[in-house]
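See below for the structure under consideration.
The values are calculated or read from the model by the stated rules, or taken from the named source; none is laboratory data. Since this is a predicted model, take the numbers as computed values, not measurements. All Cβ positions, glycine included, derive from the backbone under ideal geometry; neighbour counts span all protein chains shown.
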Amino acid sequence: MSEKSISNNAGHIRDLPKLTFRCLQGEADYSLILSIYLRSADADHIVDPASLEDMKRWCTPSARFDPCKDILFAGLDAGVGESSVIGFSRLSWYTGLKDTRLYVQSSFLHPDWRDHGLWPSIVQQNECRLREIAASHPFTTQRFFQAWATSAQVKWISTLESEGYKAVRHFYNMLHRLDAIPEQEMPEGLEVRPVQTEHYRSIWEAQREVQLELFEVVAENWTDDRYDAWLANPSHTPQLWQVAWDGDQVAGMVLPRIDQVENRQLKRKRGYTEHVFVRRPWRKRGLAKALVLRSLRVLKEQGMQEAELGVDSENESGAFGFYHRLGYETFSTDIWFRKLMDMNLVAG
């Protein structure tokens, strides 16, 4: 990729080396990705015990991500045909709610270079690649650039806003201390059964039904050919799952999990109460409360001291208030940013 001159927000050329871009070149780049990622997280006061294996998994090819084209390294030209890498971006895409196509960038810049006006140029380069991907796709109702940030990533948020991105959704990360957990009876006619292998398909189908209604949905993850991948998810802990049945119908569920490796690395005892939902025919009967409280007790029985979940602040069911009343408290906020994609800017 060609070199680019660096401009500040006023459009004046800065007296800096030229910014250059290159793609992933091989295994050696994984350690470079990890180094920049960890320095970036540390600068933003984000605790993340990421490992080299995590970065390799993050770069695994898929139908919507080609690491050889969609990992972009940003470097400063040293003037001798080489550049010093100062950041990287990971690009991908997916289909969201109502056939909206989202073209996503995650970008990480070494903290020493965040105050030099470079990040906007990196975002612009990422958008060029994302437009190329979009041009190969059939027309969809809407195309957007998308990026994500936690509220602690102040400089990344400022960069996105300077490039025309708008915050479209906020998700609260919440914690519940597993001290006294009240009892709550299941609604009449419903029961929780130990999850058996023959239940998996019904659980997946019910989860798909509800997921496809959510703002944060990746439609490609819920096609029939993705069932086997869902089954193979290593984070699944079906022995902890709380699934309510009405006869042979799944009425609702909470899928608790515990990441023991993460807990050891961070020296904590935390579980997760995830995928909390009740299907429409069984709503407003107290089922969600009963399942969440059962899940909290299960995590406590496993030796956990706290439970985490994420909730869409604009969920129409009033989920944030529901969790707050149950004793969850917000500890951080994640923000989704979008910008309408102008396909007229695709290079000829």
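Against the definition (buried (at least 18 other Cβ atoms within 10 Å of the Cβ), at pLDDT 95 or above and within 27 Å of Gly96 (Cβ to Cβ)), how does Leu296 come out, yes or no? Steps first, answer last, please.
Working: buried (at least 18 other Cβ atoms within 10 Å of the Cβ): yes; at pLDDT 95 or above: yes; within 27 Å of Gly96 (Cβ to Cβ): no.
The answer is no for Leu296.
What pairs can you find where one residue is in segment 57-73 and without any contact (Cβ under 8 Å) to a residue 60 or more places away in the chain and in the same structural domain as Tyr94 (by TED's automatic domain parsing), the other is surrounded by 19 or more Cβ atoms within 10 Å (Cβ to Cβ) and among the acidic types (Asp, Glu), and their Cβ atoms are less than 8 Å apart, with a gap of 6+ or different chains?
Taking only residues 6 or more apart or on different chains, the pairs are Ile71/Asp29; Phe73/Asp29.
Within segment 280-293, can you find the residues that are among the charged types (D, E, K, R) and crowded, with 16+ Cβ neighbours inside 10 Å?
To start, the set of residues in segment 280-293 that are among the charged types (D, E, K, R) comprises 280, 283-285, 289.
Of everything in segment 280-293, those that are among the charged types (D, E, K, R) and crowded, with 16+ Cβ neighbours inside 10 Å turn out to be Arg285, Lys289.
On the given criteria, is Ala319 modelled with pLDDT under 95, within 23 Å of the chain's Cα centre (by Cα) and surrounded by fewer than 20 Cβ atoms within 10 Å (Cβ to Cβ)? First the steps, then the outcome.
Values: modelled with pLDDT under 95: yes; within 23 Å of the chain's Cα centre (by Cα): yes; surrounded by fewer than 20 Cβ atoms within 10 Å (Cβ to Cβ): yes.
Answer is yes for this residue.
In this structure, does Val168 turn out to be part of a strand (DSSP E or B), among the β-branched types (Val, Ile, Thr), touching a residue at least 40 places away in the same chain (Cβ under 8 Å) and under 30 Å from Ala63 (Cα atoms)? Explain how you work it out, then say what you get.
Details: part of a strand (DSSP E or B): yes; among the β-branched types (Val, Ile, Thr): yes; touching a residue at least 40 places away in the same chain (Cβ under 8 Å): yes; under 30 Å from Ala63 (Cα atoms): yes.
Yes, satisfied.
Can you tell me which residue among Ser158, Ser84, Ser89 is surrounded by fewer than 18 Cβ atoms within 10 Å (Cβ to Cβ), part of a strand (DSSP E or B) and small (Gly, Ala, Ser)?
Values: Ser158 fails: part of a strand (DSSP E or B); Ser89 fails: surrounded by fewer than 18 Cβ atoms within 10 Å (Cβ to Cβ).
Residue meeting the stated conditions: Ser84.
Which residue is nearest to Val261 (Cα to Cα), if the candidates are limited to segment 214-229 and must be touching a residue at least 60 places away in the same chain (Cβ under 8 Å) and of a type in the set (Asp, Glu)?
So the residue we want is Glu216.
Quick check on this structure: which one of Gly117, Gly96 is small (Gly, Ala, Ser), in contact with a helix residue (DSSP H, G or I) (Cβ under 8 Å, 6 or more places away or on another chain) and surrounded by 17 or more Cβ atoms within 10 Å (Cβ to Cβ)?
Sole residue among the options that is small (Gly, Ala, Ser), in contact with a helix residue (DSSP H, G or I) (Cβ under 8 Å, 6 or more places away or on another chain) and surrounded by 17 or more Cβ atoms within 10 Å (Cβ to Cβ): Gly96.
Only one of Pro111, Pro49, Pro17 is over 21 Å from the mean Cα position of the chain (by Cα), more than 20 Å from Glu163 (Cβ to Cβ) and touching a residue at least 12 places away in the same chain (Cβ under 8 Å); which? Before you say what the answer is, go through the steps one by one.
Numbers: Pro111 fails: more than 20 Å from Glu163 (Cβ to Cβ); Pro49 fails: over 21 Å from the mean Cα position of the chain (by Cα).
Only one candidate passes the filter, namely Pro17.
Might you let me know whether segment 297-310 holds any residue that is touching a helix residue (DSSP H, G or I) at 6+ places or on another chain (Cβ under 7 Å), in the same structural domain as Glu183 (by TED's automatic domain parsing) and either assigned to a loop (DSSP other than H, G, I, E, B) or small (Gly, Ala, Ser) (or both)?
Looking through segment 297-310, at least one residue is touching a helix residue (DSSP H, G or I) at 6+ places or on another chain (Cβ under 7 Å), in the same structural domain as Glu183 (by TED's automatic domain parsing) and either assigned to a loop (DSSP other than H, G, I, E, B) or small (Gly, Ala, Ser) (or both).
Just to be sure I understand, how many residues within segment 233-245 are at pLDDT below 95 and farther than 12 Å from His275 by Cβ?
Residues that pass the stated criteria total 1.
Give the residue, chosen from Ala134, Ala147, Ala206, that is touching a residue at least 24 places away in the same chain (Cβ under 8 Å) and outside any helix (DSSP H, G or I). So that I can check it myself, show each step before the final result.
On the way: Ala134 fails: outside any helix (DSSP H, G or I); Ala206 fails: outside any helix (DSSP H, G or I).
Step by step, each of Ala134, Ala147, Ala206 is checked, and only Ala147 is touching a residue at least 24 places away in the same chain (Cβ under 8 Å) and outside any helix (DSSP H, G or I).
Taking the options Ala232, Ala244, Ala251, name whichever one is more than 22 Å from the chain's Cα centre (by Cα) and free of Cβ contacts under 8 Å to residues at least 60 places away in the same chain.
On the way: Ala232 fails: more than 22 Å from the chain's Cα centre (by Cα); Ala251 fails: free of Cβ contacts under 8 Å to residues at least 60 places away in the same chain.
After ruling out the rest, the residue left standing is Ala244.
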